[in-house]
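Accompanying notes for the structure given below.
The values are calculated or read from the model by the stated rules, or taken from the named source; none is laboratory data. It should be emphasised that the depicted structure is a prediction, and the values quoted were computed from it without experimental measurement. Note that each Cβ is placed from the backbone with ideal geometry, even for glycine, and that neighbours are counted across all protein chains shown.
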Amino acid sequence: MRRKNYFIFLFSIFLLAPFLSLAENYQSGSDYLDFQESFLSKIPAEISLQIGKSAYPLSRETVASWIEEKSKLAYRENYSSEIENTDPCREKYFVVCRLSRDIKRSFRTKKISQLAVSQKSVLSFLEDLERQANKDPEDAKFKMDENEKVSLFSLGSPGLKLDKEKSLRIILDYLKNNEKNDQFSLSFTEIEPALSINSIDNLGVTALVGEGRSNFRGSPKNRIFNIKVAASRFDGTLIKPGEEFSFVKILGEVDSDHGYLPELVIKKDKTEPEFGGGICQVSTTAFRAALNSGLKITARRNHAYPVQYYNPQGMDATVYIPRPDLRFINNTPAYILIQTKIEDTELIFKFFGTDDGREVKITGPKIIERKPDGGLKTTLSQKVFDKNETPFIDDIFNSNYDSPNNYPHPGQVLTAKPADWSDKEWSKYKKANKI
């Protein structure tokens with residue numbers, strides 16, 4: 001009989017162990033808030049979350065979406081389970097009297113439900129909020145005055161980064177304490193800009209190191225407007241020594257919300273209106289300034305076909321969000337300050353910095369092949385020598401331009417068959433357009 005009781009004892013331990021674990025976890029868990037369903041009615045309909053100087057709304061409905069019901073086993077002194085005997089040792093074959101006190105307590109566990117805040121849901125909310133609130137610092141901007149001295153153009157502003165972990169704890173404490181405040185502040189870090197008003201004397205901007213020019217004569221009014229908007233984005237930009245300049249990054253979003261108008265752009269196999277048409281006039285001019293300044297070009301692509309605004313052909317740079325991009329490295333010993341200006345129909349980029357004695361030799365661009373359909377091949381070279389006449393850049397930029405006929409404008413009638421059209425397609429097209 002003892003052997004039988006022993007097996008019953010082991011079997012009881014096996015069955016009860018998971019329930020003991022659950023009961024213990026419930027009692028020690030820290031993610032549960034002891035509140036009733038009615039607590040939501042005490043929360044303001046809308047809470048203002050302060051992050052720095054900005055406020056973001058938190059609605060009662062959003063808080064409700066964070067609440068979930070959890071079930072656990074918990075010890076209840078006055079609860080008797082169906083298998084419990086108040087005096088089990090009187091039963092000859094029941095072994096509860098042989099069990100430890102903790103195991104006996106497990107017979108008084110009961111499944112209960114409680115409301116809890118899902119930390120995962122709150123973190124998801126904070127991640128969305130982070131994308132709205134986070135802001136990169138803006139450096140102060142400078143310009144060269146009439147006496148070729150650097151002066152302040154824009155003060156700049158600090159950046160901000162939301163501290164999600166600390167903000168999570170702030171929100172949980174707010175709910176746990178059942179506060180009724182309709183606003184409270186979240187945790188964040190302020191990021192100071194690298195360049196402030198105090199940086200003027202340390203920039204090393206003392207001389208014109210190079211410039212680029214292009215002419216947009218004959219451009220429609222929307223194109224001229226877009227050129228002015230885009231060029232203004234770069235006026236006063238500073239490039240740190242050793243920093244890689246990205247045209248697309250500084251340019252930012254290109255749409256109606258950012259001040260652009262629709263105009264023709266080259267896109268895939270056609271030329272069609274799109275917001276920002278004409279921006280490549282700006283990137284082309286910046287490319288020429290970087291070339292003439294002896295900077296290292298790291299990314300540049302020519303246009304799909306020759307465009308009159310970018311003469312001489314072979315010295316252009318096309319850009320489109322997010323790529324292709326125009327990139328180059330400031331390989332000078334000091335900051336480079338970009339100044340842009342428009343004189344009549346000429347766009348001008350001037351790069352100011354420190355004259356380190358370098359010599360820049362630009363050869364070309366030269367047309368090395370001209371096709372009957374208007375296609376071109378050109379070559380351009382950039383050689384840069386240091387003050388000791390030692391070469392440290394020797395780059396060649398080859399450009400291959402397709403025929404303009406392969407990129408029809410809206411309403412334009414083709415006069416030559418596109419390269420990827422069949423004879424049948426071309427015949428049908430000519431008939432339709434009475435060519």
Practice task
Being crowded, with 20+ Cβ neighbours inside 10 Å, at pLDDT below 90 and under 18 Å from the mean Cα position of the chain (by Cα) is the filter here, so list the residues in segment 236-263 that pass it.
Solution key: 254
Handout entry: Residue under evaluation residue 329, criteria (1) surrounded by fewer than 20 Cβ atoms within 10 Å (Cβ to Cβ); (2) touching a residue at least 40 places away in the same chain (Cβ under 8 Å); (3) outside the structural domain of residue 286 (by TED's automatic domain parsing); (4) hydrophobic (A, V, I, L, M, F, W, C), criterion not met
Key = (3)
Practice task
Report the residue count in segment 255-277 for those that are assigned to a loop (DSSP other than H, G, I, E, B), of a type outside the set (Gly, Ala, Ser) and in contact with a strand residue (DSSP E or B) (Cβ under 6 Å, 6 or more places away or on another chain).
Solution key: 2
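Quick check on segment 199-214. Is at least one of its residues over 30 Å from residue 357 (Cβ atoms) and in contact (Cβ under 8 Å) with a residue 24 or more places away in the chain? Break it down into steps so the answer makes sense when it comes.
Step one: list which residues in segment 199-214 are over 30 Å from residue 357 (Cβ atoms), which gives none.
Taking every residue of segment 199-214 in turn, none turns out to be over 30 Å from residue 357 (Cβ atoms) and in contact (Cβ under 8 Å) with a residue 24 or more places away in the chain.
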Fill in the blank from the handout: Here the residues within segment 314-326 that are under 19 Å from residue 406 (Cβ atoms) and surrounded by fewer than 22 Cβ atoms within 10 Å (Cβ to Cβ) are 318, 320, 324
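Table: residues versus (1) among the acidic types (Asp, Glu); (2) under 21 Å from residue 142 (Cβ atoms).
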| position | (1), (2) |
| --- | --- |
| 238 | no, yes |
| 244 | yes, yes |
| 249 | no, yes |
| 290 | no, yes |
| 311 | no, no |
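Based on what the data block shows, is residue 233 surrounded by 15 or more Cβ atoms within 10 Å (Cβ to Cβ) and not assigned by TED's automatic domain parsing to the domain that holds residue 156? Break it down stepwise before answering.
On the way: surrounded by 15 or more Cβ atoms within 10 Å (Cβ to Cβ): yes; not assigned by TED's automatic domain parsing to the domain that holds residue 156: yes.
The answer is yes for residue 233.
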Problem - Test: residue 151 is exposed (fewer than 14 other Cβ atoms within 10 Å of the Cβ), at pLDDT below 55 and out of contact with any Gly (no Cβ under 6 Å at 6 or more places or on another chain) - result: no
Completion exercise
Residues of segment 332-357 being over 29 Å from the mean Cα position of the chain (by Cα) and surrounded by 21 or more Cβ atoms within 10 Å (Cβ to Cβ), in sequence order, are 347, 352, 353
Handout entry: Residues that are buried (at least 16 other Cβ atoms within 10 Å of the Cβ) and hydroxyl-bearing (Ser, Thr, Tyr), drawn from segment 358-373
Key = none
Practice task
Could you list, in sequence order, all residues of segment 33-84 that are at pLDDT below 80, loosely packed, with under 15 Cβ neighbours inside 10 Å and under 24 Å from residue 181 (Cα atoms)?
Solution key: 34, 36, 37, 38, 41, 42
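For the subset of segment 168-195 comprising residues that are touching a residue at least 24 places away in the same chain (Cβ under 8 Å) and part of a helix (DSSP H, G or I), which member is farthest from residue 132 (Cα to Cα)? If you could, list the steps in order and put the result at the bottom.
Within segment 168-195, the first condition is being touching a residue at least 24 places away in the same chain (Cβ under 8 Å), and the residues that meet it are 168, 171-172, 175-176, 178, 180-195.
Those still in the list that are part of a helix (DSSP H, G or I) too: 168, 171-172, 175-176.
Numbers: 168: 16, 171: 18, 172: 21, 175: 23, 176: 26 Å.
If we take residues in segment 168-195 being touching a residue at least 24 places away in the same chain (Cβ under 8 Å) and part of a helix (DSSP H, G or I), then 176 is farthest from residue 132 (Cα to Cα).
Out of the residues in segment 174-195 that are of a type in the set (A, V, I, L, M) and at pLDDT 85 or above, which is farthest from the chain's Cα centre (by Cα)? Talk me through it step by step, then tell me what you get.
Of the residues in segment 174-195, the ones of a type in the set (A, V, I, L, M) are 175, 186, 191, 194-195.
Checking which are at pLDDT 85 or above leaves us with 175, 186, 191.
On the way: 175: 32, 186: 22, 191: 17 Å.
Among those that are of a type in the set (A, V, I, L, M) and at pLDDT 85 or above, it is 175.
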